Amino acid sequence: MTCEQVRDALDDYVDGLLTEADFQEVELHLATCAECRREERLQRALLAQAAALPREVPPGRDLWPELAARLRGAEGARGVVRPSVARWVRPAALAAAAAVVVALFAGLWKRGPSPVAPASPMGTLVSAAAGTSPALLEAEREYARATAALMAALDQQKNTLSPETRAVLDANLKTIDDALAEVRAALQKDPGSAQLAHLLTSTHQKKLDALQRVVRLNRL
Amino acid sequence: MIPTLTVLSLCLALAAGPHGRSARPSRHEEAWRGLTTGGEAQKVDARRAASADALVEIENPAGSIRVVGWDRSEVMVTGQLGAGASGLDFTGSGGRIRVGVETERNPHGVVSSLEVHVPVRSRLQIESFAGSISVSEVSGTVKAETVNGSITVTGQAREIQAETVNGSVEVSGASKDTHVESVNGSVTVRGASGELQASTVNGRLEVSGGTFSRAHVETVSGSLSFEGALTSGATLEAETVSGSVVLSLPASVAADFSVSTFSGSIDNAFGAPAMRQGRHTPEKELQFSTGGGGASVSVHTLSGSVTLRKR
């Protein structure tokens with residue numbers, strides 16, 4: 001291959017798209033041509049830097065095992081409801097949400113001493129969920145922190161998020177909050193209900209899922 | 001977007017090096033710069049060779065994306081880039097193709113309409129923010145996500161994942177693994193079988209399908225209806241907060257049922273009436289088996305009514 005042919009093929013070479021025969025020919029040429037090797041290195045540097053651009057918050061630790069364990073402890077005699085659902089539906093989604101929370105907290109923490117101050121939602125939680133188990137309350141706090149962190153991330157994106165979209169999102173979050181309030185009210189009447197505990201966490205999860213999607217896709 | 005472009009500019013500067021390079025940019029550079037520039041709407045008509053089961057990634061921040069499967073080994077993009085688009089990133093070949101609208105300002109204000117023809121067995125990954133997405137005649141896999149917009153998938157895709165926030169999701173076809181979600185919109189699944197996960201917050205959720213081995217369907221306030229058969233050993237889980245639930249199952253279904261509602265009603269066509277559980281709460285619970293049991297059916301609501309129907 002000539003230098004020109006090799007440089008024409010470099011895109012596919014660094015992408016791993018060449019046939020075996022072409023790949024070997026390019027390799028052979030690069031072994032003997034310093035100028036083309038330099039071109040190849042530049043291509044790879046370009047791709048590496050582009051690939052390093054943050055498109056998503058990277059995964060952090062999975063909080064689900066802790067949460068599930070706390071819920072198991074809380075629901076004691078009645079057991080955890082629908083473990084199959086927990087295994088199938090929740091871990092991945094919750095892990096992703098938790099990862100976002102951890103990463104966002106880490107990022108926000110570096111900027112100042114008060115990373116997130118979800119005073120209002122936390123206060124509501126504490127009073128509204130009085131009577132529920134400490135484990136469930138702690139789970140609610142986790143969700144409140146996650147929600148607050150995602151809302152903070154959303155606020156930082158306000159320049160690219162249209163007011164209409166934000167209004168639709170807020171309206172739906174309110175629907176979810178209303179549902180959460182209903183479930184909490186029911187839990188006050190029946191604090192030991194594992195079904196209600198599950199409804200509470202799964203409804204929280206829907207809120208996180210929606211927020212995560214908006215935050216992530218808003219970066220397109 | 002601005003930081004992204006800034007970093008990309010730095011990347012390009014880095015790639016150019018201190019002594020400059022040939023005038024002809026590489027494909028990767030072209031992709032980052034965009035193939036065209038300017039503030040006016042531009043027509044697009046381009047194609048690239050692709051393998052029969054290529055991974056095709058499509059990104060259009062706003063407007064519409066229409067994907068159609070065809071029996072050619074190439075990807076063709078037609079349509080119009082909105083005013084403010086800096087170009088179309090149409091790169092890759094063979095096993096991986098990328099189609100993306102490039103913008104230099106807030107991408108959500110750049111409304112583009114893309115029609116993309118892909119090999120019928122393609123694996124699609126489609127993302128938008130304020131755009132609708134439709135996919136038809138693709139038998140590979142479909143993953144589609146948007147925030148403001150509806151998603152429609154028809155045809156024989158074997159796996160479908162479709163998620164939106166504000167818009168409806170409609171899937172009809174023979175998917176064996178289906179995951180559909182909306183927040184503010186209806187979700188409709190027709191003809192699917194195998195594994196299903198479907199949810200919405202306040203829209204209506206409707207499933208009418210074949211035989212499921214695992215199905216999880218849930219809403220917050222929207223009504224939920226499920227009509228389908230279950231394999232032996234299948235799991236069907238339905239959950240709402242205030243939405244009503246209607247399950248229509250074959251009269252001969254062999255399943256173990258567990259139904260509960262905190263303050264809703266339970267109407268059971270398979271036999272036993274629901275019993276109130278607590279002396280101080282209105283909670284009702286119902287557990288029974290049909291056909292000797294086998295599949296597991298669980299339904300839980302807070303205040304939504306539950307109806308079990310024979311079909």
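The values are calculated or read from the model by the stated rules, or taken from the named source; none is laboratory data. Please read these numbers as outputs of a predicted model, since none were measured by experiment. Counting neighbours? That spans all protein chains shown, and the Cβs are built from the backbone with ideal geometry, glycine included. Only protein heavy atoms, including side chains, enter the accessible area calculation; ligands, DNA and RNA are left aside. Shrake-Rupley method; radii C 1.70, N 1.55, O 1.52, S 1.80 Å.
Under 13 Å of direct C-alpha separation, and excluding same-chain neighbours fewer than eight residues apart, B:LYS284 reaches these aspartates and glutamates: A:ASP190, B:ASP267.
Which whole-number percent is the relative contact order of chain B (Cα, under 8 Å, 6+ apart)?
10 percent
The mean count of C-beta atoms from other chains within 10 Å of the C-beta of residues in B:198-211, rounded to a whole number, is 2.
Per the Debye formula on identical point scatterers at the alpha carbon atoms of chain B, with no solvent, log10 I(q)/I(0) at q = 0.10, 0.15, 0.16 Å⁻¹ is -0.65, -1.06, -1.15.
Note on A:209-219: average number of Cβ atoms from other chains within 10 Å of each residue's Cβ is 6.
Summary value for the range B:28-178: 23 percent relative contact order, contacts being C-alpha pairs under 8 angstrom separated by 6+ residues. Of the three principal axes defined by the Cα atoms of the range B:215-283, the extents in descending order read 38, 27, 18 Å. For chain B, the per residue solvent-accessible surface stands at 38 Å², with DNA, RNA and ligands left out and a 1.4 Å probe. Given R0 = 35 Å, the distance between the Cβ atoms of A:ARG166 and A:LYS189 translates into a calculated FRET efficiency of 0.50. Using a 1.4 Å probe over protein heavy atoms, the accessible area lost on pairing B with A, summed over both chains, comes to approximately 5000 Å².
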